[in-house]
Structures are given as C-alpha cells and as structure tokens.
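Quick notes on the structure that follows.
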C-alpha cells in the first residue's frame, strides 16, 4: 500500500471513529464485531498469507489476552494490562514458533489447533485446582465506544505495520519464503527467524484484541476465551477475502460479518442451512480470495 | 594452469570424507576433493551417483552424516543454508527454481537483500538491473518471472546467484535442457565468470561444456570418488567409461 | 495389578473408538486430499440415522450398519463427484485445493448441521442398545463398546487387506504416498480419489452408527468428532492406516491412564500434550515420512 | 484493490441495510401487540440445554397467552408478537442480538437465553437499556451481587451454595437414620457450574462431618467415564455425587449400572431431570437422585406437563422447564398488574410482588428466587422433589437405592 493509500485508509478509520456519537446501540455492537474480526483476520493473514502456514492458534492468543484482563483487569491500570497481554502473547508465540519450525502443511494446522486446546485445558486445570474457581467476572469500567475505539486504533496500527513491513526487508523475505522456501534459504534468508518474528507480531495483535474484548462480556471462562470457533471464523474470513494483500482479509470480514448478521436476524431457525448454502455458492461462483486469484494467475502462466 | 593454481594457493573448498545416507541408500560415501580459487571444477558421474546430494551437502540444503566441509580454512560442516550463503556459497538448482510471483528485478533483489554484501532499496534495484543485463535479460526488469521461457529462467536463476557475490558458485546442471543457441550463450557466460576470477563447482552432463570450461573434473559413481584430473584425461579413464557405460543415460 | 489391567483394557477400548472415528478421515484426507471439516457432521448424521432406525422402526444398529454404510458410500461418492471434483479440477496446486476444500466443506458443515437441527432439534439423544456388562481382565465394559471395537478391528483389517492385496487398493496407496507420480503409472486419479472419499464416508458412517450405541449426542456435536479425528490422523501420519490405529490407541490409553492414576482433570491436557510432543519430535506423525 | 473493496463492501453493506431493517414478523397483528424478543442458542454447544429447558416454554407461554387474547393491559388484551434470534451459543452474538432487539426491533420486553455465561454477557446491555432480565437458567454464587449490581436482573435458579446445603442436609438426615456412613465420592465437571457446586459442597460436607475419599474434576467433553467410576467405586463410598452435564450424567449413570457400582445414594447433575433420562434407563432410573425435582402430584404441574407434551411432543425436564414457565407467569402477572408496558414499573413489581405460578406462590428476595427444589429423586417413574425437606410438598427420599437391574 502506498503512503497515500495508507493515509486515506487511516483517515477512513478516523471517520469511522465518529460512529459512537451517532449510535451506541446495535450499529456500534455490529461495528465492534466487525472491527474485532478485521484486526484478527488481518493479523492472521499477515503471517499466514506470505508463509502459507494456516494457523488455528488464533483462539489461543485471543484467549490469552482475554484471560490476562480477567486476572489483572481490576488490579492494574488499563494500559499496563494491555502491555502485559501483549508481552505474554509475544512470549508464547516465540515459544510456539520455534517449536513448530519443522512442521509443515496440515501438520502445522492441526498442531496449532491442539495448542489452543491444550492451553484451554491447562487454564481450566489451573483454575480448578489452584485458584479453585471457574469463570471470572470482568467488571472493568469501560464503555462500548471505548472498546470500539481501541479496536480501530489496533486496526490502524496493524495497517501501518503492514505497510511498513511490505517495504521492509523482513516483509520481502517472507514474500520470498512464500514463493519458495528452499530458494529463500539459499539467498541467505534465515527462514526460521523471519517466520517466527512475523508469527510473534501477528500473535501480539490477536492477544490485544482478546484483551480489549474481554470486558464486553462480563464473564469469561476458558470455553468462551479459547473458543475454537474464533480460529475458524478468522481463517474462513481471511481465506475468503484473500491473504495476498494487506486489505484483502477485510474483503472477507465485512461481507461475512454482515451476512451472518442478516441471516441470524432474518432466518434464526434456518441460519445453519442458509449460511452453508451461501458459503458453497461463494466458493463455487466467486472463486475470489487467495485461491481464485492464484488460480487465475497460474492458469495464465505457461506450464 | 590448474596445477599451478593448486600448488600456489590454499583451497577455497575442501571436502573430506563426506557421507550421507537416505535410509539404506548411501547417496554420498566418503567423498573428498578440493576446489581452488579461480578454478572451474566439473563434478561428473552417471545419474544417481550422488552429485546433487554432494552439492546439497556443500550448500547446506542437507546435513552430512559424516565428514567435513571446509570453506577457506573454516569448518562449515552442517551449517544451515542461509549461513553458508552469507559465507559466500551460491547455487542454482537442478530443476530450475525462480520465484514466479515476483518480477525479474525482484527475483535478483532477493539475492541482493540478504547476501554477503546486502543491498536494499534503489541501490539494490539498480544493481539487479545491471545483473539482469549481464545474463542477457536486460530491460525486462518489471516482467513477472512466471512468463519466462525455460532458458530465460535459467539465466534469471544465475543472476540471482551472482547477486549473492559468491566466492564459490555451485551450478547443478545449469546447462541441461538448453537449445543450441542458448547453450553457446550459457557457456560463454560461465567462461566470462571464470575470467573475472569466480570459482565454480559445476555438476554437468553436457560434456562439450565440461571440455570447454572445466580446469579439472571429479568423477563420482555410486556415491564414491572414482577419478579426478583434467577433463581430457578423466573422460578417457577406464573406470569413468565403465561407470558411464553401465548407465543407459550416459 | 488387576486395576492396571482393567485400566489398560478400558483404554484400548476407548482408543479403538478414536481409531474407528479417524479411519475414514485418513482415507478422505490422505488419499482424496480433501480436508473435510464436515467430517464430524457425518458422524453425527449416521448416529441420528441409527437412532431413527432403532427407535422408530426397531431396526438394530448392527443391521442399520448394513443400510447406512452403502448409503453413506453413495452419498459421499456423489458429494465428491458433484461438489468437490470442480474444486479439484480448478485447483492449480495442493495448497489451493486445501484452501478451497476447507471453505467448501465448512459450508457443507453448516448445511448438514442445519438439516439435522431441522429434523431432530438441538436436544441430546441417547438410546440403549447392547448395554450389557462384559468383564474382561477385571474391567467391566459394555457389549456395545466391545462391538464397536470389534467393528473397528474388522473395518481396519478389511481396509488394510483391500489396500495391500487388491489392484484398486494399491492404486489408493500410491496416490496417498505420491499424488504427483501416481498418474505417471497409469492411475486414474479422479476415480481413485472419489473411491477413497466415498469409502472414507462409509467408514465414517459406521463409526457414527457404532458410537451412537453408547455416546450421548446432539446435532451440535460434530466438531468434537472432526477435531478428534484430525488429531488422530495427524498424529499417526496422514494416509497411514497403521498410524491411525496406533495413534487412536495411544490417545485412548493416555486418557484412561491419566484419569485413573493422575487426575481426570488432566486427561484432555495430557492427550493434547502427547499429540504436540509427538509432532515436535516427529513432524510428519508417528508413521509419516517427512517431506523433503 | 482499493476500488474493489469499496465496491464490494458498500454493495454488501447496502444490501445488508435493506435486509436488516427491523424484522416485523406478523404484519397482520394488531398494532397494539406486545413485541417480545429473545435470542437463544439454537445452535452451538448450548443448543442442547436451550432445546430442553428454554424454547419449548417460551413457545408454550406465548401460545397460552395468545389463546386468551393476549396480555391484559388495563381493559384491553394485547397479543404477543415474537421476534427471535439465534445467539449461536456465543457471548458476542448474544450481546449483538440484544442490541438489535433493543435498538432495531424496539421490542417491548426481552426473554433471557440459557446458561450463566450468556446471561452475564447480556447483563450490562439489558441493564443500560432498562429491560427486566429474567435469568431463569443461570446458577451463580454471585446471584445476590448481580441482583444488586443490575437491579433489573432476576436470578431464578439460585446459588450453588443452596444446592450444596440442600444436598448435605439430606445426607446428614440419612446418616442420622443410620442409612449411610460418612464416606463420599464426588466428581464434578470442570466448568463454572460444576466447580461452583463442588466448591460449595466441599466445606458443607466437611462441616457436617463427611469425608470425601474421592474428589475429582473432569474436563467438559470427556467421553469415557469408566476410569473415573472405577476409581470412585474403589473408595467404596456410601454416597456418590456427580456435578455433571447432560451427556456426562447419562454416561456416568450408564457406567455405574454396567460396572455394578451401586452406592446407597447415587446423585448425578444436570440431565437427571430430563425425560431422556427416564427413557434411557427405564426402571433403572428408580432411586437415582439428581439436581432439581418438582412436585409431580400437584395438579398444576400435571396440567403444565400435559400442555408441554401436547405442544412439543415430549415431556418437560423436571427442573429448569417448570421454573422457566413459572417465571413467565410471573412476568405476565407483573405486566398485567402494571397494566401497561412500563419497564421500570414492571421491574419494581417483579422485585416486590408475590406471584401465583404452577410451582405455587413465588416471591423474589433481593432479585433472587429462594427456597427452590435442589434435590430430586426418581420414584415410581417420576422425579420427585426431596430437598429441602422443610419445603412444603417434599417427599421423603428412598434409600438405599435399589440394585441396578440388567436390561
């Protein structure tokens, strides 16, 4: 994205920040939900797009962030809580990153899923046996508008980071890794470090989203915080939107979030069937996103 | 010339007792040889004799089970590929590997950005343009690599390897599959590299190219070193002929 | 001592069930290369079919098996031919197919789940069939679990025999091991993949019918089976029947041993921990061959 | 790229706006209809509980009210018009659905979802919007706090301490009668519900002089109860207590039956009160105790049962369902006493009034329903309330539990 494009997008975000002055009810709630997934899916694609590693660990980092707030939210000042959430997310992602370097393809996918479940089980066990209470009440004094603004700020920061990354050597390295990892190693790229660095960056944002969202629900338990459907929703949104460009995931987030909303609202009793059919239609009729784009590019190329 | 070089300088690359097995198959078995600065050494042998594995061991794509790789007096055995690349070993691949989603210029910048003498930004782009001209792809900087012909992909791969300012260039059948015109151009290109003092270790089946370019040849069979010497002598060697005759593809 | 033996038996029975539920996926993913996120939905659908046959028509689940399996085979064949073949055709590489199949089967998941919700509602279901206690080495196990284990062995063994002793089976294995080279030796990829997907579907259905005799289920539970099956398949090594069996048994044993001797609260943590450790040590699963 | 986003985003956004315009269901309904909305879990992990304890009762109540012409507001009757959504068992979707009901559909009243977590998630929104929140299916120890924090919220299933106290009281009486000893085995499911209950039970048991020789927790989704039951049986307890969820409740009972583990008292958690339990175990349900219970011999309960069967095609569960229906009767009476849709007045009435329900007279204390049935026991094919014993209508528990029969 060029500087001008970034400036326009950031200005757009700033304009959207005015929403809470117009409506603090349903539209704000919908905007929060979209903003949440916009950050998560963009952060997801920032790592998974160039490296083509499909991660299902989103829920793990989201949950870590949310739990940090549940534990520390009433003890420490808010910025410190966010900082701690980010740091924990970073440390965990570095550990996971270096542990999973040898995994590829579907092995990485299922590993990340297992990781999220393992963390959830360990947190559960810890709560049951050490703190001896399950489920935490998050009574942090924060308004919905503040949650929304924080999410917008996160999204802006993420876009700025993405723009910088695209021009940086690290971003280029990841692009090369995505094209051909063997070549990447043989042009002197430390592929392991590059991938882990990006994984950590992306994970920090996920943890921060979890932290920001936690006060919205009053109550948190591991099943809510580490809900695997977060991972799947983010994955699907990003894949549908396309992971090849910074704003690609947004193309999946906005329509899907609205679609889910419209379908639940209009057809509460047939939501599942309809959402499934729409999904299949999209996959077949509009092969957009990463797969379609790639397919068209490749088909145009000589064999 | 080769004898003179050998006696006067320390070897740039020394390989000692290199061994690598895949399951029960020993692909490289106790391989030893040296390459001196400024030399072009041909690594020959019938298909499946372990040449590519040897290159993979030297370039860090694989780690050896035993033996040593010494680069300019430093033991670099088992270092990962990116470290070896930064120490000055560059390579091309048997099955040509360009980065199809990037432009020609970006393909070469990939070689410049992380190598021994890294360059980035405008400087990298202009150096990449120069290298593209050098391999005969001048002026096509912004074309996507995916549309290149096979021969041009080989050129691009070489430009990327040269971008790393290599002290030792490993060419894995770089001339294979080129048509006659391309082949002649390719041989000239490598010759010009030699004239600039670049050291090359090349796996090659095109014997005309070996005769024209190599100072010295190392011949492998079934993973083992079976002969070594100037191309003319080696290609007349009884053991070498036997090894090749035993193989239909020779 | 007897307690330990009983624990082992219980663990093996549980592990057998995990293996049974996962065998179908190893065929669908390992051979047909379809990452089927709707897998668990098919388990639950088969369970509902068995429930309906049993409670409405009085058909015993074992006879139900004979009805449901061929139906599932046909249904999955049709799904592959109608829904998935276009994706396979248009996919330029394995990565693109994986993305497309994730998206498509995710849609399928919702459709199947929605149909089940519409037909049966969201309530829990359970029925009693062959829940007769049987004592083995000091462990008391219901006959329905043993029957499931027996079927897992029969289906696993039968598949193994078909894969190793028939032409088609060899073709299927060839595709699993090296999808790129299989067409070079004259294997009809499309047919083989459809066959594997359909066979996988039939095995899934048998798993669903059998677990319905002893598990309480509802329309929303599919994802539990999908994820368990994925973990088993990946842990064993994609496309490897033996790996699937060993991984299933290992998980079952771990779960039971930890529940008996450590803390039931840590069973799932232990199984996921084991899974992650194995992957870190063997990045392509227990029986997988590391890609190079 | 940029253009692309704008076009698609705006396009979809616009169509969403059109589609999302407040969904007025029955255009034919009189304009004076009372609009009642609810977002419940039709899909996801909570769908099982919702389908048993919530949805049928909301439907039954609406049907019954509309059959009489609607809610009596002053001197006229206003039929109920329903707006319903699926929260997909997600806190985030639940919050958004409530916002939609409040701001888009502008419903008059909102009924609550199933489960503690979702009721807590929507608490702040409901409070801000000033809607009464009848949290009918939520057990939380914070219920009294929550009632103070959100005076518009009403908590109907009480606190885990009550359940533990009732259970321990029952155990103590049986011990006095010489029917059981001191030895207890106890398992609980590792989520908020199970842990709250076991945390309340532990000290209560200890105070009463009981010894928990086996006390373990298992994760949600455990599929094989054999090892846990084997260990529990090894401690040879007088009473076995499981604070479990429906699938586990069935699995635990089944495993106990199969392995012949038959302590003098056998208590299991959520699901014992489900008709499914009786269908599944038949005569073997006899003597099993569980959470909940009702007065099956009350004519009003029997009438409720009949109506429920007629509408839904199956019997209601014997814990949450009848409470859910009773809470709706309370709401109806509160509305009718106020005589108009005046939410603050309705909230005040719910806080202070006494109501006549299928479960007898009901009055909330500090927004929390007290004195409920906490232990039931299957006796002659019905899940009879047995504790607290002091509550009118309690049946004496029958111990020891009869031996399992082979089916």
What pairs come up if the first residue lies in the stretch B:153-164 and is without any contact (Cβ under 8 Å) to a residue 40 or more places away in the chain, the second is outside any helix (DSSP H, G or I), and their beta carbons are under 6 Å apart, counting only those six or more places apart or on different chains? B:155/B:135; B:155/B:136; B:155/B:137
Determine whether residue C:72 is within 26 Å of residue A:269 (Cβ to Cβ) and either modelled with pLDDT of 90 or more or within 17 Å of the chain's Cα centre (by Cα) (or both). no
Restricting the stretch B:16-35 to residues that are within 14 Å of another protein chain (Cβ to nearest Cβ) and surrounded by 20 or more Cβ atoms within 10 Å (Cβ to Cβ), the residue that is nearest to residue B:243 (Cα to Cα): B:27
Surrounded by 14 or more Cβ atoms within 10 Å (Cβ to Cβ), modelled with pLDDT of 80 or more and part of a helix (DSSP H, G or I), is that true of residue C:159? yes
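Within the bounds of the stretch A:118-125, is there any residue that is more than 17 Å from the chain's Cα centre (by Cα), away from chain D (no Cβ under 12 Å) and under 30 Å from residue C:284 (Cβ atoms)? Don't jump to the end; show me each part of the working.
If we filter the stretch A:118-125 for residues that are more than 17 Å from the chain's Cα centre (by Cα), which is where we start, we get A:118-125.
Within this subset, residues satisfying the condition of being away from chain D (no Cβ under 12 Å) are A:119.
From the residues that got through so far, the ones that are under 30 Å from residue C:284 (Cβ atoms) too are A:119.
Within the stretch A:118-125 (the criterion being more than 17 Å from the chain's Cα centre (by Cα), away from chain D (no Cβ under 12 Å) and under 30 Å from residue C:284 (Cβ atoms)), the answer is yes, since at least one residue qualifies.
Got at least one residue in the stretch D:328-337 being at pLDDT 90 or above and closer than 15 Å to residue D:393 by Cβ?
no
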Looking only at residues that are more than 8 Å from chain D (Cβ to nearest Cβ) and not in a helix (DSSP H, G or I) in the stretch A:206-234, which one is surrounded by the most Cβ atoms within 10 Å (Cβ to Cβ)? A:220
Is there any pair linking a residue in the stretch A:254-274 that is more than 11 Å from residue D:85 (Cβ to Cβ) and more than 14 Å from chain C (Cβ to nearest Cβ) to one that is surrounded by fewer than 22 Cβ atoms within 10 Å (Cβ to Cβ) and modelled with pLDDT under 85, with Cβ under 6 Å and at least six apart or on different chains, and which? A:254/D:9; A:258/D:12; A:258/D:16; A:262/D:16; A:262/D:19; A:262/D:20
Determine which member of the set C:96, C:75, C:50 is in contact (Cβ under 8 Å) with a residue 24 or more places away in the chain and crowded, with 20+ Cβ neighbours inside 10 Å. C:50
Considering each residue of the stretch D:303-336, count those that are free of Cβ contacts under 8 Å to residues at least 60 places away in the same chain, touching a helix residue (DSSP H, G or I) at 6+ places or on another chain (Cβ under 8 Å) and not in a helix (DSSP H, G or I), and give that number. 2
Could you please let me know if residue C:200 is crowded, with 24+ Cβ neighbours inside 10 Å and in a helix (DSSP H, G or I)? yes
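Just one of A:86, A:171, A:73, A:178 is under 19 Å from the mean Cα position of the chain (by Cα), at pLDDT below 90 and more than 14 Å from chain D (Cβ to nearest Cβ); which is it?
Details: A:86 fails: at pLDDT below 90; A:73 fails: under 19 Å from the mean Cα position of the chain (by Cα); A:178 fails: under 19 Å from the mean Cα position of the chain (by Cα).
Every option except A:171 fails the conditions.
In the stretch A:21-32, what residues are more than 13 Å from every other protein chain (Cβ to nearest Cβ) and in contact with a helix residue (DSSP H, G or I) (Cβ under 6 Å, 6 or more places away or on another chain)? Full working, then the answer.
If we filter the stretch A:21-32 for residues that are more than 13 Å from every other protein chain (Cβ to nearest Cβ), which is where we start, we get A:21.
The answer is none; no residue qualifies.
Go through the stretch C:249-268 and give me each residue that's over 21 Å from the mean Cα position of the chain (by Cα) and assigned to a helix (DSSP H, G or I).
C:257, C:258, C:259, C:260, C:261, C:264, C:265, C:266
Going through the stretch C:209-223 one residue at a time, which ones are assigned to a helix (DSSP H, G or I) and touching a strand residue (DSSP E or B) at 6+ places or on another chain (Cβ under 9 Å)?
So in the stretch C:209-223, the residues assigned to a helix (DSSP H, G or I) come out as C:209-212, C:222-223.
Within the stretch C:209-223, C:211, C:212 meet the criteria.
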Report, by residue number, each residue of the stretch B:173-204 that is in contact with a helix residue (DSSP H, G or I) (Cβ under 8 Å, 6 or more places away or on another chain) and assigned to a strand (DSSP E or B). B:200, B:201, B:202, B:203
Of the numbered conditions (1) over 23 Å from the mean Cα position of the chain (by Cα); (2) modelled with pLDDT under 75; (3) crowded, with 21+ Cβ neighbours inside 10 Å, residue A:286 fails exactly one; give the number of that condition. (3)
Check off (1) free of Cβ contacts under 8 Å to residues at least 40 places away in the same chain; (2) within 14 Å of chain A (Cβ to nearest Cβ) for residue C:171 and give me the number that stays unchecked. (2)
Which of the numbered conditions does residue D:404 fail, given that it passes all the others? Conditions: (1) in contact (Cβ under 8 Å) with a residue 60 or more places away in the chain; (2) surrounded by fewer than 23 Cβ atoms within 10 Å (Cβ to Cβ); (3) assigned by TED's automatic domain parsing to the domain that holds residue D:111; (4) touching a helix residue (DSSP H, G or I) at 6+ places or on another chain (Cβ under 7 Å). (3)
Being assigned to a helix (DSSP H, G or I) and more than 14 Å from residue B:44 (Cβ to Cβ) narrows it down to one residue among B:235, B:170, B:156; which is it? B:156
Is it the case, given these coordinates, that residue B:216 is surrounded by 14 or more Cβ atoms within 10 Å (Cβ to Cβ) and out of contact with any strand residue (DSSP E or B) (no Cβ under 8 Å at 6 or more places or on another chain)? no
Between a residue in the stretch C:132-147 that is on the phi > 0 side of the Ramachandran plot and touching a residue at least 40 places away in the same chain (Cβ under 8 Å) and any residue that is in a helix (DSSP H, G or I) and surrounded by 17 or more Cβ atoms within 10 Å (Cβ to Cβ), which pairs come within a Cβ distance under 6 Å, given they are 6 or more apart or on different chains? C:137/C:9; C:138/C:6
Reported set for the stretch B:102-114 where residues are out of contact with any strand residue (DSSP E or B) (no Cβ under 8 Å at 6 or more places or on another chain) and facing chain A (nearest Cβ under 7 Å) is B:110, B:113, B:114
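Find the strands (runs of 3 or more DSSP E) located wholly in the stretch D:76-195 whose residues include 1 or more that are more than 12 Å from chain A (Cβ to nearest Cβ) and more than 17 Å from the chain's Cα centre (by Cα), and list them.
Numbers: elements: D:76-78, D:80-86, D:109-111, D:133-135, D:153-155, D:183-189.
Once the strands (runs of 3 or more DSSP E) in the stretch D:76-195 are filtered for at least 1 residues that are more than 12 Å from chain A (Cβ to nearest Cβ) and more than 17 Å from the chain's Cα centre (by Cα), what remains is D:76-78, D:80-86, D:109-111, D:183-189.
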For the stretch B:47-68, enumerate the residues that are away from chain A (no Cβ under 14 Å), within 17 Å of the chain's Cα centre (by Cα) and on the phi < 0 side of the Ramachandran plot. B:47, B:49, B:51, B:53, B:54
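What do you reckon, is residue C:59 in a helix (DSSP H, G or I) and either crowded, with 22+ Cβ neighbours inside 10 Å or touching a helix residue (DSSP H, G or I) at 6+ places or on another chain (Cβ under 7 Å) (or both)?
On the way: in a helix (DSSP H, G or I): no; either crowded, with 22+ Cβ neighbours inside 10 Å or touching a helix residue (DSSP H, G or I) at 6+ places or on another chain (Cβ under 7 Å) (or both): yes.
No, not satisfied.
The values are calculated or read from the model by the stated rules, or taken from the named source; none is laboratory data. No experiment lies behind these values; they were computed from the predicted model shown. With ideal geometry, Cβ positions are generated from the backbone for all residues, glycine too; neighbour counts draw on all protein chains shown.
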